[in-house]
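Notes to accompany the following structure.
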Amino acid sequence: MSEGTAATDFTYQPSPDQSAATPVRHPVVIIGAGPVGLAAALDLAQRGRKVVVLDDDNTVSTGSRAICWSKRALEIMDRLSVGDALVEKGVTWQKGKVFFGEEQLYAFDLLPEEGHRMPAFINLQQYHFEAFTVREVLKHPEIDLRWNNRLVGVDNREDGVTLTIETPDGEYSLVADYMLAADGARSATRRLLGLDFKGQIFKDRFLIADVIMKADFPTERWFWFDPPFNKGQSALLHKQPDDVWRIDLQLGWDADPEEERKPENVIPRLKAMLGNDVDFELEWVSVYTFQCRRLEKFRHGRIFFIGDSAHQVSPFGARGANSGLQDIDNLAWKLDLVLDGKAPESLLASYHDERAFAADENILNSTRSTDFITPKSDASRAFRDAVLDLARDHGFARRLVNSGRLSLPSTYSDSGLNSPDSPGFIGAMIPGAPCVDAPVTLDGKDTWLLHHLGGDFCALYFARETETAESLAQLRDNLAALEMPVKLVAVFPPGTTAPAGALTDRDHLADARYDSRPGTFYLIRPDQHVTARWRQADPQAIRGALQRALGKGPASAEADAEKEGTAA
Amino acid sequence: MSAQQMTAQLKSEARLTRPDDIYQVLIDAHRDLTPEQSQAFNSRLVLLLANHIGDDEVIAESVEAARKGL
Ligand SMILES: Cc1cc2nc3c(=O)[nH]c(=O)nc-3n(C[C@H](O)[C@H](O)[C@H](O)COP(=O)(O)OP(=O)(O)OC[C@H]3O[C@@H](n4cnc5c(N)ncnc54)[C@H](O)[C@@H]3O)c2cc1C
């Protein structure tokens, strides 16, 4: 098999657990081998954790699902060693156009800025994403991936979770210290626990077609309002690898999904869009109705909901899988530290706080886009049409046109894990923000800042003019001796000689993006989010910020005390 | 925020030098329009003015004042 492809079908193999006399206990069991469950397994395995992954099927995802993977999702997958394969196979894009009728309203460019390792977006079929991720999973002996293992029962107790699993060889049970429910929008875990999944359904239908054709449309996201080939509705065209194109056609609520799915009805619609002389083949066609909803709580005792099982959004904005990957980025390091006894249980509570906040942001954005595309009332339609009409001549109205606000990572600005910001900083890298990338060099070789941040707690330290190899070694030792070792990532300005192991800020971009001065110190979480920063590093302050970031801050300490109080 | 601060942004005193003329401009603009076109017109006008005002608070207060009693 070549580098560019990966297996998509797998075989069920019985596990010795199935014939054990008493249910075998595992520290972490993940339900679901979709993008989110697979990434969670990789993240934990990279930390040396043993995990069991159960999936009710034995293939990667089928049909038309995620295609757009965001920069942040790619950075996370890069940390999990799959980033290069995804980017290499994917179609890199950053530009788009929005049309109204036959006219182009405006064009956009998502990443006009240079100096990031990962592109703004790639397009890649979800089945390719999963296949590459499974390929990496199979390299990890820590991961026990079991196909055709369907979760059919859960008993969520204070001392562990007992799972009942159905296989081709019958049922068996497992016990998990922690269970991660990555079983998707129709989550069996949610159903078995009787949990509500509340939100709104949008009264509209969309024909989603993946079409194989040789065409020379540019690799841009093209979105139409009221195009001549789909009067009164919207349409989207976007390129994927292997000459596959994603086409969305809005149908309206009255459309009959069964009829619309039939090739004899689909083909004329596509010919009207693509022109009569374009040869194409249908890879997959479905009719979807979209919704935005979420669980009230992402954590129920020892069970964590991650990805679509916790929150579901309409696809305008590509916030589904991309946000699910940010869930695991957030949870894996916390779970690892708690399993190791290095952080208190209260750290796990921050998973819900931070990711429910992010889910609300994603739901808000996706709902607004969907409301713009499918107005819910006459007044809402009148405003929408007014925006489109004005957008021709008035720049401000172009900013109001909403065909999807594309996925960006959340800044956990209100998180209890953050320390208060220090005065005098400008820019986006506030406590809670995901670190931005910058090109740097290490020992004369080009590399990227994000490759050196994350995995563990890190100190991003901008060297002073007076810095010496000795002063740096001293700082490195002090950081390594903290209750939780912090890895020193020292950055020197270009034109100076960085000691071995330190980075050079090749194009001054780390400096600009982190608003640095000599001595500026950022404390970075293992998921590459800033948690504290100072103009001058003070050991006392660093220790305090680290405590907070481990869930031992004043707020969590109170919550713990309360829990003990009620338990007593 | 006190009630007084709440209403401090939106100017309610008369500001138009020829109010009757402006009123007529607004009414005339709807002449010969179907109810649907009138709604389209009103929507465009609201968007143009909202952008011109460019002040979140003034807009929020205007929305509140306009909703009153409906
Ligand atoms: C048309 C469309 C377009 C989209 N476009 C995008 C996009 O461009 N970008 C984006 O980020 N997102 C997009 N999404 C959303 C994206 O597909 C989902 O967010 C993503 O699949 C969620 O991943 P997941 O791993 O949480 O769940 P899933 O992918 O649903 O995986 C769940 C897994 O759990 C397994 N499972 C289910 N029940 C059980 C059980 N009882 N026992 C064991 N295993 C079980 C399933 O077999 C499956 O493998 C799109 C979705 C649609 C429908």
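The values are calculated or read from the model by the stated rules, or taken from the named source; none is laboratory data. Computed from a predicted structure; not experimentally measured. Cβ: placed from backbone, ideal geometry, glycine included. Neighbour counts: every protein chain shown. With ligands, DNA and RNA removed, areas are computed over all heavy atoms of the protein, side chains included. Shrake-Rupley method; radii C 1.70, N 1.55, O 1.52, S 1.80 Å.
Using C-alpha pairs under 8 Å with a sequence gap of at least 6, the mean separation divided by the residue count of chain A gives a relative contact order of 13 percent.
In this simple spin-label approximation, A:ALA272 and A:LYS214 carry label points 7 Å from Cα along the Cα→Cβ vector, and these lie 2.9 nm apart. Cross-link pairs exceeding 29 Å between alpha carbons, from the set A:LYS95/A:LYS214; A:LYS71/A:LYS376; A:LYS50/A:LYS239: A:LYS71/A:LYS376; A:LYS50/A:LYS239.
Both the radius of gyration and Dmax for the range A:206-291 are 12.2, 36 Å, in that order, over alpha-carbon atoms.
Normalised by the number of residues in the range A:18-91, the average gap of Cα pairs under 8 Å and 6 or more apart makes the relative contact order 26 percent.
Averaged over the residues of B:39-47, the number of partner chain Cβ atoms lying within 10 Å of the residue Cβ comes to 6. Seen from all directions on average, the range A:292-401 presents a Cα convex hull projection of 8.3 nm².
The residue among A:LEU550, A:ILE306, A:PHE290 whose Cα reaches farthest toward the positive pole of the charge dipole of chain A, with charges on the beta-carbon of Lys, Arg, Asp and Glu, is A:LEU550. Length available on full extension from A:GLU113 to A:ASN58: 0.36 nm per residue minus the Cα-Cα distance, which gives 15.7 nm. A viscosity of 1.002 mPa s and a temperature of 20 °C, combined with the Kirkwood radius over C-alpha pairs in the Stokes-Einstein formula, give the protein assembly as shown a diffusion coefficient of 78 µm²/s. Put simply, the C-alpha atoms of the range A:439-552 give a gyration tensor, and the ellipsoid matching it has half-axes of 22, 15, 13 Å, longest first. Computed over protein heavy atoms with a 1.4 Å probe, the carbon and sulfur contribution to the accessible area of chain B reaches 55%. Between A:GLU259 and A:THR289, the FRET efficiency estimated from the beta carbon spacing at R0 = 22 angstrom works out to 0.90. A simple spin-label model places pseudo-atoms 7 Å from Cα toward Cβ; at A:ASP243 and B:ALA60 they are separated by 5.5 nm.
If you take the alpha carbon atoms of the range A:386-504 and fit the smallest convex hull around them, that volume is 195 Å³ per residue. Whole-percent P(r), the range A:78-191, all Cα pairs, 10 Å bins from 0: 10, 25, 26, 19, 13, 6, 0.
If packing is taken as the average number of other Cβ atoms within 10 Å across a peptide's residues, how do A:319-332, A:473-486 rank, most packed first? Mind showing how you got there, number by number?
Values: A:319-332: 28.0, A:473-486: 14.4.
Final packing ranking: A:319-332, A:473-486.
Net length available on complete extension from A:GLU166 to A:SER413 is 84.7 nm, with 0.36 nm assigned per residue and the Cα-Cα distance removed.
Close Lys pairs in the range A:252-365 (alpha-carbon distance under 27 Å; sequence gap of 8 or more, or different chains): 4.
Measuring only protein heavy atoms, the 1.4 Å probe finds A:HIS508 accessible over about 100 Å². Positive end of the dipole of the range A:206-291 (Cβ unit charges, origin at the Cα centre): among A:PHE280, A:TRP224, A:LEU249, the Cα lying farthest that way belongs to A:TRP224. Simple spin-label estimate for A:PHE229 and B:ASP21 gives 5.2 nm between the two label positions (7 Å along the Cα-to-Cβ direction from each Cα).
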